[in-house]
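Colleague: Quick one: structure below, then a few questions.
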Amino acid sequence: MRVLILGGDGYLGWPTAMHLTANGHEVAVADNYLRRRLSRDEDVETLFEPPNLCERARLWNRKSGCSVEVYVGDLTCWEFAAEVFRKFTPDAVIHYAEQPSGPYSMLGRRAGTLTLQNNLLVTANVIFAVREFVPDAHIIKLGTMGEYGTPNIAIEEGWIDIEHKGRKGRFLYPRQAGSLYHTTKIMDTDLLWFYVRTWNLRVTDLMQGPVYGMTTDETGTDEKLFPFFNYDEIFGTVLNRFMVQAVAGYPLTVYGKGGQTRGYLDIKDTMQCVRLSLENPPQKGELRILNQFVELFSVNQLAEMVQRVGNRLGLSVQIGSVRNPRKEAEEHYYNPVHQGLLELGLQPHYLTDEVLADMLETVSRFKGNIQEHKIIRGITWD
Ligand code: USQ
């Protein structure tokens, strides 16, 4: 298939480009380096600076013989979005092109507005471009498990059947996010659902949990092909942060009581989930929602695992406690369904001691780059 990856420079975008070309698809990527710019502006650069997209495409071509077409530009700009769709005419679009951080979206009015504008306008442009240039194309949108929040009932896969006053109906599962960023993902889902009903679009919305890891089948140990790896308070996700903290000898930053539970997955499984969704498209006029994670962990469980494995490697890992900067439940019921991707053929990678040890060893290669002042910035939801 001809696959257009929007946000192709990001933590998931670049590994997806390599993974899909390695599996026989034709791929183009588009990105405006927003994530790199925001990291620089906020003084929270990644553990190492990956090469730019054109250089990454050259390196990958030299290694694998596969080509990736590169478009650099801003997808909130209709002219650029239209040009990319017109030239590449994709069979499928993978939409990762969003400001992806809860803490960034809560920095203040300017960051909040940027998040709203970027995320909603790119989603709208994707919808309009598909309608105008490739109406049969499949849109695969990266959503988040955070759209559901932490309700006191089981979380279904996107939809819920409700019986009310003797009548029955099927609705989007109730959503109640914990940051402005997560709320933009709810708005994306609503936009997509409206246009699926109105224009018969074909859409998969992937509700993903926090991802961990740095290596995929395609990167191997070649660090020039590694994705971004953020360990800072703004763009770093919890397990990636804990691994860097363990290597740096910084007490693991458990927020609040540490009972916050989420569904996690290895970046290798993100690759599988996205490819399986691509290769098994829904019908036109269908919004298919899949909950994309493999295992549930609380923050405390993650910290204990990192401590145990880190100590075995001689790291002397301490578990710290940080006043929770977010407004979220620190102890709660959490029971999300995640059947759809397994039914499509997902072969999960689990978070074993071996996997953790491997990640800690990979992070140790960059120990000299770790800057402790990036770990806690003091951003609060207040
Ligand atoms: N947490 C800590 N200590 C830290 C960092 C985080 O205890 O140093 C806690 C948070 O308070 C939260 C949990 O760990 O309860 C997960 O936080 P996170 O920063 O790893 O993940 P989150 O902000 O929810 O966002 C990340 C990605 C986002 C994606 C989301 C999936 O940045 O793009 O949508 O994971 S989910 O969490 O399921 O909504």
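Colleague: Give me a count of the residues in region 108-141 that are outside any helix (DSSP H, G or I) and surrounded by fewer than 16 Cβ atoms within 10 Å (Cβ to Cβ).
Modeller: 3
Colleague: Just to be sure I understand the filter: pairs with C-beta atoms under 6 Å, separated by 6 or more residues or on different chains, first member in region 147-161 and in contact (Cβ under 8 Å) with a residue 12 or more places away in the chain, second member assigned to a strand (DSSP E or B) and of a type outside the set (A, V, I, L, M, F, W, C). Which pairs pass?
Modeller: Qualifying pairs under 6 Å: Ile155/Pro336; Glu157/Asn291; Trp159/Arg170.
Colleague: Quick check on my filter: what residues within region 299-322 are under 30 Å from Val337 (Cα atoms), in contact (Cβ under 8 Å) with a residue 40 or more places away in the chain and within 13 Å of the ligand (Cβ to nearest atom)?
Modeller: Val299, Asn300, Leu302, Ala303, Val306
Colleague: Which of (1) at pLDDT 95 or above; (2) more than 23 Å from Thr46 (Cα to Cα) does Ile375 not meet, given it meets every other one?
Modeller: Checking Ile375 against (1) at pLDDT 95 or above; (2) more than 23 Å from Thr46 (Cα to Cα), the one that fails is (2).
Colleague: Quick one: count up the residues across region 217-246 that are out of contact with any helix residue (DSSP H, G or I) (no Cβ under 6 Å at 6 or more places or on another chain), more than 10 Å from the ligand (Cβ to nearest atom) and not β-branched (Val, Ile, Thr).
Modeller: Residues that pass the stated criteria total 8.
Colleague: Considering every residue within region 5-17, establish whether at least one is open to solvent by less than 20 Å² (accessible area, probe 1.4 Å) and part of a strand (DSSP E or B).
Modeller: Scanning region 5-17 turns up at least one residue that is open to solvent by less than 20 Å² (accessible area, probe 1.4 Å) and part of a strand (DSSP E or B).
Colleague: So, one more: I'm checking my understanding of the structure. Among residues of region 220-240 that are polar (S, T, N, Q) and surrounded by fewer than 21 Cβ atoms within 10 Å (Cβ to Cβ), which one is nearest to Tyr33 (Cα to Cα)?
Modeller: By that ranking, first place goes to Thr237.
Colleague: Considering region 74-107 alone, what residues qualify as being of a type in the set (S, T, N, Q) and surrounded by 16 or more Cβ atoms within 10 Å (Cβ to Cβ)?
Modeller: Thr76, Gln99, Ser101, Ser105
Colleague: Do you know which residues across region 159-175 are open to solvent by 50 Å² or more (accessible area, probe 1.4 Å), out of contact with any Gly (no Cβ under 7 Å at 6 or more places or on another chain) and assigned to a strand (DSSP E or B)?
Modeller: Asp161, Glu163, His164, Arg167, Lys168, Arg170, Phe171
Colleague: Can we say Arg58 is in a helix (DSSP H, G or I), within 20 Å of Asp217 (Cα to Cα) and charged (D, E, K, R)?
Modeller: Judged against the criteria, Arg58 is a match.
Colleague: Now a separate question. Between residues in region 326-353 that are touching a residue at least 24 places away in the same chain (Cβ under 8 Å) and under 18 Å from Leu142 (Cα atoms) and residues that are open to solvent by 60 Å² or more (accessible area, probe 1.4 Å) and within 12 Å of the ligand (Cβ to nearest atom), which pairs lie under 8 Å by C-beta distance while being six or more apart or on different chains?
Modeller: Listed by first residue and then by second, the contacts come to Pro336/Leu296.
Colleague: Quick test for you: out of Leu276, Leu287, Leu296, pick the one residue that is in contact with a Phe, Trp or Tyr (Cβ under 6 Å, 6 or more places away or on another chain) and either more than 10 Å from the ligand (Cβ to nearest atom) or among the hydroxyl-bearing types (Ser, Thr, Tyr) (or both).
Modeller: Values: Leu276 fails: in contact with a Phe, Trp or Tyr (Cβ under 6 Å, 6 or more places away or on another chain); Leu296 fails: in contact with a Phe, Trp or Tyr (Cβ under 6 Å, 6 or more places away or on another chain).
From the options Leu276, Leu287, Leu296, the qualifying one is Leu287.
Colleague: From the list Glu304, Glu328, which one is under 30 Å from Ile94 (Cβ atoms), open to solvent by 40 Å² or more (accessible area, probe 1.4 Å) and among the acidic types (Asp, Glu)?
Modeller: Glu328
Colleague: Does region 320-339 hold any residues that are touching a Ser or Thr at 6+ places or on another chain (Cβ under 9 Å) and either closer than 18 Å to Glu156 by Cβ or of a type in the set (Val, Ile, Thr) (or both), and which are they?
Modeller: Val322, His332, Tyr333, Tyr334
Colleague: Name the single residue, out of those in region 252-273 being within 12 Å of Leu302 (Cβ to Cβ) and among the β-branched types (Val, Ile, Thr), that is farthest from the ligand (Cβ to nearest atom).
Modeller: In this case the residue turns out to be Thr261.
Colleague: Only one residue in Tyr148, Tyr181 is within 14 Å of the ligand (Cβ to nearest atom), of a type in the set (Ser, Thr, Tyr), more than 17 Å from Asn119 (Cα to Cα) and within 22 Å of the chain's Cα centre (by Cα), so which one is that? I'd like the intermediate steps shown before the answer.
Modeller: Working: Tyr181 fails: more than 17 Å from Asn119 (Cα to Cα).
Result: Tyr148 is the single residue among Tyr148, Tyr181 that is within 14 Å of the ligand (Cβ to nearest atom), of a type in the set (Ser, Thr, Tyr), more than 17 Å from Asn119 (Cα to Cα) and within 22 Å of the chain's Cα centre (by Cα).
Colleague: Which count do you get for residues in region 198-213 that are within 13 Å of the chain's Cα centre (by Cα) and either more than 16 Å from the ligand (Cβ to nearest atom) or not hydroxyl-bearing (Ser, Thr, Tyr) (or both)?
Modeller: The total comes to 8.
Colleague: Kindly indicate whether Gly249 is modelled with pLDDT of 95 or more and either more than 7 Å from the ligand (Cβ to nearest atom) or touching a Phe, Trp or Tyr at 6+ places or on another chain (Cβ under 9 Å) (or both). It would help to see each step written out before you state the result.
Modeller: Working: modelled with pLDDT of 95 or more: yes; either more than 7 Å from the ligand (Cβ to nearest atom) or touching a Phe, Trp or Tyr at 6+ places or on another chain (Cβ under 9 Å) (or both): yes.
Against the criterion (modelled with pLDDT of 95 or more and either more than 7 Å from the ligand (Cβ to nearest atom) or touching a Phe, Trp or Tyr at 6+ places or on another chain (Cβ under 9 Å) (or both)), Gly249 qualifies.
The values are calculated or read from the model by the stated rules, or taken from the named source; none is laboratory data. Quick caveat, the model's predicted, so the values are computed rather than measured. Don't worry about glycine lacking a Cβ; one is built from the backbone with ideal geometry, like all the others, and counts go over all protein chains shown. Surface accessibility is based on the protein's heavy atoms, side chains included, excluding ligands, DNA and RNA. Shrake-Rupley method; radii C 1.70, N 1.55, O 1.52, S 1.80 Å.
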